[in-house]
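Laboratory data are not the source of any read-out in this text; all were calculated from the coordinates shown. Remember, predicted model here, so these are calculated numbers, not experimental data. Cβ placement follows ideal geometry from the backbone for every residue including glycine, while neighbour counts extend to all protein chains displayed.
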Amino acid sequence: MAGAVLGLWSSHGEGRFVYRNPNVLDSLRSSGQIAVQYVDGDGQPSMTYPWNPNGSEYSVAAICSHDGRNLAMMPHSDRSFLTWQWPDYPREWKTTNCASPWLKMFHNAYLWLLNN
């Protein structure tokens with residue numbers, strides 16, 4: 001799913017990622033542990049509302065553990081994995097798909113569990 005830009009429900013004002021020590025953010029960035037970022041309409045990381053609803057530093061919406069087994073995520077992928085849950089999605093999906101691309105995240109986790 002790397003590089004994907006997908007719409008996602010965000011119904012929170014809390015969950016803002018703040019780093020008291022700037023080395024923590026640098027470490028997350030360099031180790032690839034920033035799993036999801038808030039982006040604007042052009043797909044660029046954004047610090048402004050409404051693209052970044054809580055003002056998370058570096059537009060961070062989700063981080064993962066070093067081994068990728070744990071994900072801490074504020075937006076609600078659980079409310080977005082079916083196309084009818086999206087407020088706006090490509091018209092052609094209405095008849096061709098019932099699962100949104102976010103279902104892939106859950107499927108990837110399922111496959112990992114089966115193999116590990």
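Residue check: Lys104 meets all listed conditions (1) surrounded by fewer than 18 Cβ atoms within 10 Å (Cβ to Cβ); (2) over 25 Å from Ser31 (Cβ atoms); (3) touching a residue at least 60 places away in the same chain (Cβ under 8 Å) but one, namely (2).
If you go through the stretch 41-71 and pick out every residue that is of a type in the set (A, V, I, L, M) and over 17 Å from Ala2 (Cα atoms), you end up with 1.
Answer with yes or no whether Met74 is closer than 17 Å to Gly15 by Cβ and in contact with a Gly (Cβ under 6 Å, 6 or more places away or on another chain). Criteria met by Met74.
Taking the options Val39, Val18, name whichever one is of a type in the set (Val, Ile, Thr) and loosely packed, with under 13 Cβ neighbours inside 10 Å.
Details: Val39 fails: loosely packed, with under 13 Cβ neighbours inside 10 Å.
The unique qualifying residue is Val18.
Here Leu25, Leu82 are screened, and the one residue that is within 13 Å of Met105 (Cα to Cα) and surrounded by 12 or more Cβ atoms within 10 Å (Cβ to Cβ) is Leu82.
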